[in-house]
Amino acid sequence: MSPRYQYGGQAVIEGVMMRGRDSAAIAVRRPDGDISVKMRDIENSKRPSVLKAPFIRGVVMLIESLVIGMESLMYSANESSEEEEQLSGGEVVLSLVMAFGLFVLLFIVVPNVIVAFMQKHIPSVVLVNLLEGILRIAIFLVYIVVISKLEDIQRVFAYHGAEHKTIAAWEAGEELTVDNARKHSTLHPRCGTNFLLIVMVLAVFVYSLLGKQALGERIVSRLVLLPVLAGLSYEVLKLAGRPNPSPFMRLLSAPGLALQNLTTREPDDSMLEVAIASLMAVIEKDQAAGDAAVRQDD
């Protein structure tokens, strides 16, 4: 029988971060070949019920993922490099701030600057926002294609594939071994790539409700409504990631799955070992917590 809990993760530099019920594990391949594993508590089960409500939980997950992702990237960058090459906390924060700035510039400012000039000649608000959405998706695809040519990014994408294969093996009820993980696909319906594409598609419909806006209003409204889009997209992603999803959900997931052909690579055995170490760490933590809860009830 397949496990009920849906584990997820993130590829980092020379490693993989996996999230469990109340913890996260970051496994990284060190320069000496050893695997370093760091645990982090999350305590999902102790959250107030309101933060677990549909739509709200998506916003909470987005914020939490950004925080954990930043910590994971900093840890992996330092663990995977020689001591003299390690980054300081300030350097990592600066890099992330610059990355967020690039995101805002490419996916919010640029599309809206273009359509702000074009909407003077297009009477339909729906058509203007459709054009904005198409531009955003086109920029995203070009961005993915460009960065996928970088050698370091290709290794991160291979660890991304290792993450998916390992989770798929676990969800199939198989023992977590390199051979079992190897036979699974690098594509997964709950991937963050799917999430981003769902956000961009839903954005067309949400932004169309705002009517005609000036350039400044367009940019500010897009930033303000990001949490709303995150909440909606998270619920769609949860539905798409269930076993035996409906034909409509499979159709909605198809573009994101196709895009994962760019954001994942076939991992080697050493990468699968790292992903397995990360997932095993959170599984063992969950099982230990479950055993402790049973003993308290006895």
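Kindly evaluate VAL282 against the criterion of being touching a residue at least 12 places away in the same chain (Cβ under 8 Å), over 28 Å from ALA172 (Cα atoms), hydrophobic (A, V, I, L, M, F, W, C) and in a helix (DSSP H, G or I). It is false that VAL282 is touching a residue at least 12 places away in the same chain (Cβ under 8 Å), over 28 Å from ALA172 (Cα atoms), hydrophobic (A, V, I, L, M, F, W, C) and in a helix (DSSP H, G or I).
Would you say TYR207 is out of contact with any Pro (no Cβ under 6 Å at 6 or more places or on another chain), under 14 Å from GLY8 (Cα atoms) and not basic (Lys, Arg)? In short, no. Take the residues of the stretch 176-214 that are of a type in the set (Phe, Trp, Tyr) and touching a helix residue (DSSP H, G or I) at 6+ places or on another chain (Cβ under 8 Å): which is nearest to LEU226 (Cα to Cα)? Ranking the candidates gives TYR207 first.
Which of the residues belonging to the stretch 140-173 are surrounded by 15 or more Cβ atoms within 10 Å (Cβ to Cβ), at pLDDT below 95 and among the charged types (D, E, K, R)? Of everything in the stretch 140-173, just one residue is surrounded by 15 or more Cβ atoms within 10 Å (Cβ to Cβ), at pLDDT below 95 and among the charged types (D, E, K, R), namely GLU171. Across the stretch 47-70, the number of residues qualifying as in contact (Cβ under 8 Å) with a residue 24 or more places away in the chain and more than 20 Å from MET280 (Cβ to Cβ) comes to 11. Condition first: surrounded by 14 or more Cβ atoms within 10 Å (Cβ to Cβ) and under 20 Å from PHE140 (Cβ atoms). Can you find one or more residues in the stretch 61-68 that meet it? Within the stretch 61-68, one or more residues are surrounded by 14 or more Cβ atoms within 10 Å (Cβ to Cβ) and under 20 Å from PHE140 (Cβ atoms). Scanning the stretch 240-257 for residues that are under 16 Å from the mean Cα position of the chain (by Cα) and either modelled with pLDDT of 90 or more or assigned to a helix (DSSP H, G or I) (or both) yields ALA240, SER253, PRO255, GLY256, LEU257. Among the residues of the stretch 114-123, the ones that are exposed (fewer than 13 other Cβ atoms within 10 Å of the Cβ) and among the hydrophobic types (A, V, I, L, M, F, W, C) come to 1 in all.
Regarding VAL142, is this residue of a type outside the set (Lys, Arg) and over 22 Å from the mean Cα position of the chain (by Cα)? So VAL142 does not fit the description; no. Quick check on LYS165: is it more than 30 Å from MET18 (Cα to Cα) and either without any contact (Cβ under 8 Å) to a residue 24 or more places away in the chain or in contact with a helix residue (DSSP H, G or I) (Cβ under 6 Å, 6 or more places away or on another chain) (or both)? In short, no.
Answer yes or no as to whether ILE276 is closer than 30 Å to ALA168 by Cβ, modelled with pLDDT of 85 or more, assigned to a helix (DSSP H, G or I) and β-branched (Val, Ile, Thr). Yes. Would you check if there is a residue in the stretch 174-187 being closer than 19 Å to VAL59 by Cα and at pLDDT 90 or above? No, the stretch 174-187 contains no residue that is closer than 19 Å to VAL59 by Cα and at pLDDT 90 or above.
Note on the stretch 6-65: residues that are hydroxyl-bearing (Ser, Thr, Tyr) and either in contact with a Ser or Thr (Cβ under 7 Å, 6 or more places away or on another chain) or outside any helix (DSSP H, G or I) (or both) total 3.
Here is a yes/no grid of residues against (1) modelled with pLDDT of 85 or more; (2) of a type outside the set (D, E, K, R):
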{"position": "ALA24", "(1), (2)": "yes, yes"}
{"position": "ASP32", "(1), (2)": "yes, no"}
{"position": "ILE35", "(1), (2)": "yes, yes"}
{"position": "MET61", "(1), (2)": "no, yes"}
{"position": "MET70", "(1), (2)": "no, yes"}
{"position": "GLU85", "(1), (2)": "no, no"}
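For the stretch 110-139, the set of residues classified as free of Cβ contacts under 8 Å to residues at least 12 places away in the same chain and either of a type in the set (Gly, Ala, Ser) or assigned to a helix (DSSP H, G or I) (or both) consists of PHE117, SER124, LEU127, ILE134, ALA138, listed by residue number.
The values are calculated or read from the model by the stated rules, or taken from the named source; none is laboratory data. Here the structure is a predicted model, which means the values were calculated and not measured. Here the Cβ is made from the backbone with ideal geometry for all residues, glycine too, and neighbour counts use every protein chain on show.
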